[in-house]
Amino acid sequence: MQNPVTVEVTRGNRVESRHRGMAVAVDGAGRIVFSAGDVEAGVFPRSACKAMQALPLIESGAADAFTLSARELALACSSHSGEDEHVATAAGMLQKAGHDLSVLECGAHWSSDQQTLIHQARTLERPTALHNNCSGKHSGFICTCVQSGWDPKGYVGYDHPLQAEIRAVMQALTGAVLDRDTCGTDGCSIPTYAVPLTGLAHGFARMLTGEGLSPARAAASRRLMEACMAEPFYVAGTKRACTRLMEVAPGKIFAKTGAEGVFVAALPEQGVALAVKCEDGTSRAAESMIYALIARFFEPGSETRDTLIAMANRPLSNWNGIHVGDIRVTDALFA
């Protein structure tokens, strides 16, 4: 099955580039309410599934034992820009668990955000693991290990009890078989598993609605999503897509990006979750796809819908500020 062109990039009066992709919206019962492309194809969610990976942080009792704030819970679900506030918050989480950055196994990198990178280059000799976009998630992992009585050493490994617990959580939410055959290694060194796009969306729909979940897991899911919506800066950062999306309609949109053109969202009022994958892995296309897909679920003429459509279909300017083309979604996503 060939995926449809979901996003076009124009220059002048011609289409210069085309992006193909898949998109799906699912309710808590697993009913598909919208789909485009091969939504049963397995995709690596990458960082889009971090809220799922953070559930053991709540369920183990670690979040309460270490009195983690909504800001810290949001950071545990984040792919942050490495801004000073993100780094300080991750360090504070580790300190509460009795550790410092030396325990982190995520690696170090400079920020992918240009302004943050310039700030880092001016103030740092080199980045540390705390600047890694996944340091909040990994700090949450350390808190979970400490609370559960597990040795944190090697916590990124497939056979570590932490990863076994995360695997079980994600398998229960998505309905997918997660094992070594579906496993790859993520950028921060933890296992990442290929799941059908429908399963990914259904997992978030279940977290959103609580359908089919135990009361404890439903409460933990709600707590994480509400923390992210309350503290969107700590899910991503300044001018980042996740943060901007949740600021468009506070408390009405949960959103999380993943590498290689994956994006998920959940809409509390509508009771649906959404997942998209840009086939070629391009973030600009995945962002337009999720903006347009979310817009479908808000009332025509509403400020939220109009804002989302404007975000999905946006102008391109050159370095002199001259309008040279546009990024636009196709009717495959939004007729």
Evaluate the distance, in nm, between pseudo-label points positioned 7 Å from the Cα of ASP331 and of ARG314 along their respective Cα→Cβ axes.
2.6 nm
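Quick check: with the 1.4 Å probe, what order do HIS109, HIS138 take by accessible area, largest first? Walk me through the numbers before you get to the answer.
Details: HIS109 60, HIS138 0 Å².
Sorted descending by solvent-accessible area, the residues read HIS109, HIS138.
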DSSP loop trypsin sites (Lys or Arg not before Pro) in the range 1-66 with at most 11 other Cβ atoms within 10 Å of their Cβ, which ones?
ARG31
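Give, in nm to one decimal, the length gained when the segment between THR123 and ALA108 is fully stretched (0.36 nm per residue of separation minus the Cα-Cα distance).
Length difference between fully extended and current span is 3.8 nm.
Tell me, what is the Rg over Rh of the chain, with Rh the Kirkwood radius over Cα pairs? Intermediate results must be reported in sequence, preceding the final value.
Values: Rg = 19.3 Å, Rh = 20.0 Å.
Radius of gyration over Kirkwood radius for the chain works out to 0.96.
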Between the range 253-268 and the range 38-103, how far is it from one alpha carbon centroid to the other, in angstrom?
16 Å
Cysteines without a disulfide-compatible partner [the chain; Cβ-Cβ under 4.7 Å]:
CYS49, CYS77, CYS143, CYS145, CYS183, CYS228, CYS242, CYS278
When you take every Cα atom in the range 281-329, what is the radius of gyration, and what is Dmax, the widest Cα pair distance, in Å?
12.1, 37
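Hey, any idea what % of the range 67-182's accessible area is carbon plus sulfur with a 1.4 Å probe? Don't skip to the answer; put the middle values down first.
Numbers: 2530 of 5080 Å².
The computed percentage sits at 50.
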Those GluC sites (Glu not before Pro) from the range 1-106 that are DSSP loop and have at most 16 other Cβ neighbours within 10 Å turn out to be GLU40
Determine how large the accessible area of ARG167 is when every protein chain is in place; take a 1.4 Å probe and give Å² rounded to the nearest 10.
30 Å²
Per 0.36 nm of contour for each residue apart, how much would the distance between GLU299 and LYS239 grow if the chain were fully extended, relative to their Cα-Cα spacing?
19.1 nm
Kindly report, to the nearest 10 Å², the accessible surface of VAL146 as traced by a 1.4 Å probe over protein heavy atoms only.
50 Å²
Accessible area (Å², per residue) of the range 1-94, counting only protein heavy atoms and a probe of 1.4 Å
37 Å²
For the range 220-307, what log10 I(q)/I(0) values come out of the Debye formula at q = 0.13 1/Å, with one point per alpha carbon and no solvent?
-0.38
In angstroms, what radius of gyration and Dmax does the range 35-74 have, counting Cα atoms only?
14.9, 44
The chain - charge dipole about Cα centre, Lys and Arg +1 at Cβ, Asp and Glu -1, debye rounded to 20
360 debye
Vicinal HN-Hα couplings computed from phi for the range 164-171 (Karplus, 6.51 cos²θ - 1.76 cosθ + 1.60; Hz; Gly/Pro x)
5, 5, 4, 4, 5, 4, 5, 5
Put LEU213, LEU178 in order of accessible area, largest first, 1.4 Å probe: what do you get?
LEU213, LEU178
Given contacts defined as C-alpha pairs under 8 Å and at least six residues apart, what's the relative contact order of the chain, whole-number percent?
24 percent
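Work out the length of the dipole vector of the range 289-332 about its Cα centre, built from +1 on the beta-carbon of each Lys and Arg and -1 on the beta-carbon of each Asp and Glu, and round it to the nearest 20 debye. Write down the numbers at each step before the final one.
Working: 4 positive and 5 negative charges, 24 e Å.
It works out to roughly 120 debye.
The values are calculated or read from the model by the stated rules, or taken from the named source; none is laboratory data. If you're wondering where the values come from, they're calculated on a predicted model, not measured in any experiment. Cβ: placed from backbone, ideal geometry, glycine included. Neighbour counts: every protein chain shown. Heavy atoms of the whole protein, side chains included, go into the accessibility calculation; ligands, DNA and RNA do not. Shrake-Rupley method; radii C 1.70, N 1.55, O 1.52, S 1.80 Å.
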